[in-house]
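Participant: Mind looking over this structure? Questions follow.
The values are calculated or read from the model by the stated rules, or taken from the named source; none is laboratory data. Predicted model, so just to flag it, every value in this text is computed and none were measured. Heads up, the Cβs are rebuilt from the backbone with ideal geometry, glycines too, and the neighbour counts pull from every protein chain shown. Ligands, DNA and RNA are stripped out before the accessible areas are found, and what is left, the full protein with its side chains, is counted by its heavy atoms. Shrake-Rupley method; radii C 1.70, N 1.55, O 1.52, S 1.80 Å.
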Amino acid sequence: MAVEKTLSIVKPNSTLDNNIGNIIAIFEKNGLRIAGAKLARLSKEKAEGFYIEHKERPFFGELVNFMTSGPVMLMVLEGENAVAKNRELMGATNPANALEGTIRKLYAKSVGENSVHGSDSAAAAEREIAYFFEKHEVVNRF
Ligand code: CMP
């Protein structure tokens, strides 16, 4: 299996609920390392650009409002099969469908306030990491 990087965002419901550490602990216990991290408050423009593929969806405005409503923790996670591993640890987008023990089952409030974002493919990970991180902000250990 290949060592990969993926983008993780701890969303405002979980930064405001003081669950950043609990979520990082789940990543670290499951073999993902933090290769980059910063706390940020996203501008409307930055959030709209990130979610541009959802622009025509009925929830786009709500999604951008939520993602700019409080701090987000942006992280680059690194490890074997990191893209799929992160998605497994997050659980289903809608917490009502998330498996026991997953981040969304533990901490999400709704399909909108669902605690975390994770890249859904290696190509998306590369694009999303570049959207939030300069090259020098990502530490390569392998
Ligand atoms: P995320 O992985 O960040 O990517 C797109 C986001 O849109 C998704 O997580 C959800 O939080 C959000 N989303 C998806 N469906 C809905 C919905 N029906 N209402 C509000 N937000 C949604």
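Participant: Across the stretch 97-123, what is the number of residues that are aliphatic (A, V, I, L, M) and in contact (Cβ under 8 Å) with a residue 60 or more places away in the chain? Give the steps one after another, and end with the answer.
Facilitator: Let us first name the residues in the stretch 97-123 that are aliphatic (A, V, I, L, M), namely 98-99, 103, 106, 108, 111, 116, 122-123.
Going one step further and asking which of them are in contact (Cβ under 8 Å) with a residue 60 or more places away in the chain, we end up with 103, 106, 108, 116, 122.
Of the residues in that region, 5 qualify.
Participant: I'm told residue 54 meets every condition in (1) open to solvent by less than 50 Å² (accessible area, probe 1.4 Å); (2) touching a Lys or Arg at 6+ places or on another chain (Cβ under 9 Å); (3) not hydrophobic (A, V, I, L, M, F, W, C) except one. Can you identify the failing condition by its number?
Facilitator: Answer for residue 54: the failing condition is (2).
Participant: Next up: Based on what the data block shows, is residue 64 under 20 Å from residue 51 (Cα atoms) and within 12 Å of the chain's Cα centre (by Cα)?
Facilitator: Numbers: under 20 Å from residue 51 (Cα atoms): yes; within 12 Å of the chain's Cα centre (by Cα): no.
It is false that residue 64 is under 20 Å from residue 51 (Cα atoms) and within 12 Å of the chain's Cα centre (by Cα).
Participant: Which one of 7, 32, 74 is open to solvent by less than 10 Å² (accessible area, probe 1.4 Å) and without any contact (Cβ under 8 Å) to a residue 60 or more places away in the chain?
Facilitator: On the way: 7 fails: without any contact (Cβ under 8 Å) to a residue 60 or more places away in the chain; 74 fails: without any contact (Cβ under 8 Å) to a residue 60 or more places away in the chain.
The unique qualifying residue is 32.
Participant: Among the residues that make up the stretch 110-132, is at least one of them more than 25 Å from residue 45 (Cα to Cα) and either among the aromatic types (Phe, Trp, Tyr) or within 13 Å of the ligand (Cβ to nearest atom) (or both)? Can you show your working first?
Facilitator: Initially, the stretch 110-132 is screened for residues more than 25 Å from residue 45 (Cα to Cα), giving none.
Scanning the stretch 110-132, I find no residue that is more than 25 Å from residue 45 (Cα to Cα) and either among the aromatic types (Phe, Trp, Tyr) or within 13 Å of the ligand (Cβ to nearest atom) (or both), so the answer is no.
Participant: Let me ask something else. So which of 134, 126, 80, 113 is touching a Gly at 6+ places or on another chain (Cβ under 9 Å) and open to solvent by 20 Å² or more (accessible area, probe 1.4 Å)? Break it down stepwise before answering.
Facilitator: On the way: 134 fails: touching a Gly at 6+ places or on another chain (Cβ under 9 Å); 126 fails: touching a Gly at 6+ places or on another chain (Cβ under 9 Å); 113 fails: touching a Gly at 6+ places or on another chain (Cβ under 9 Å).
Just a single option satisfies the conditions, and that option is 80.
Participant: Which numbered condition trips up residue 47, out of (1) open to solvent by 50 Å² or more (accessible area, probe 1.4 Å); (2) within 16 Å of the ligand (Cβ to nearest atom)?
Facilitator: (1)
Participant: Got a number for residues in the stretch 99-109 being within 12 Å of the ligand (Cβ to nearest atom) and aliphatic (A, V, I, L, M)? Can you show your working first?
Facilitator: First pass over the stretch 99-109, keeping only residues within 12 Å of the ligand (Cβ to nearest atom): 103-104, 108-109.
Among the residues that remain, those that are also aliphatic (A, V, I, L, M) are: 103, 108.
Residues flagged as within 12 Å of the ligand (Cβ to nearest atom) and aliphatic (A, V, I, L, M) within the stretch 99-109 amount to 2.
Participant: Which ones in the stretch 83-142 are among the charged types (D, E, K, R), under 19 Å from residue 25 (Cα atoms) and outside any helix (DSSP H, G or I)? Working first, answer last.
Facilitator: Narrowing the stretch 83-142 to residues among the charged types (D, E, K, R): 85, 87-88, 100, 104-105, 109, 113, 120, 126-128, 134-135, 137, 141.
Still in the list and also under 19 Å from residue 25 (Cα atoms): 85, 87-88, 100, 104-105.
Across the stretch 83-142, the qualifying residue is only 100.
Participant: Right, another one. For the stretch 20-74, which residues satisfy the criterion of being part of a loop (DSSP other than H, G, I, E, B) and of a type in the set (S, T, N, Q)? Show your work before the answer.
Facilitator: Taking the stretch 20-74 as the starting set, the residues that turn out to be part of a loop (DSSP other than H, G, I, E, B) are 30-32, 41-43, 51, 55-59, 68-71.
Once the filter is applied, which keeps residues that are part of a loop (DSSP other than H, G, I, E, B) and of a type in the set (S, T, N, Q), the stretch 20-74 yields 30, 43, 68, 69.
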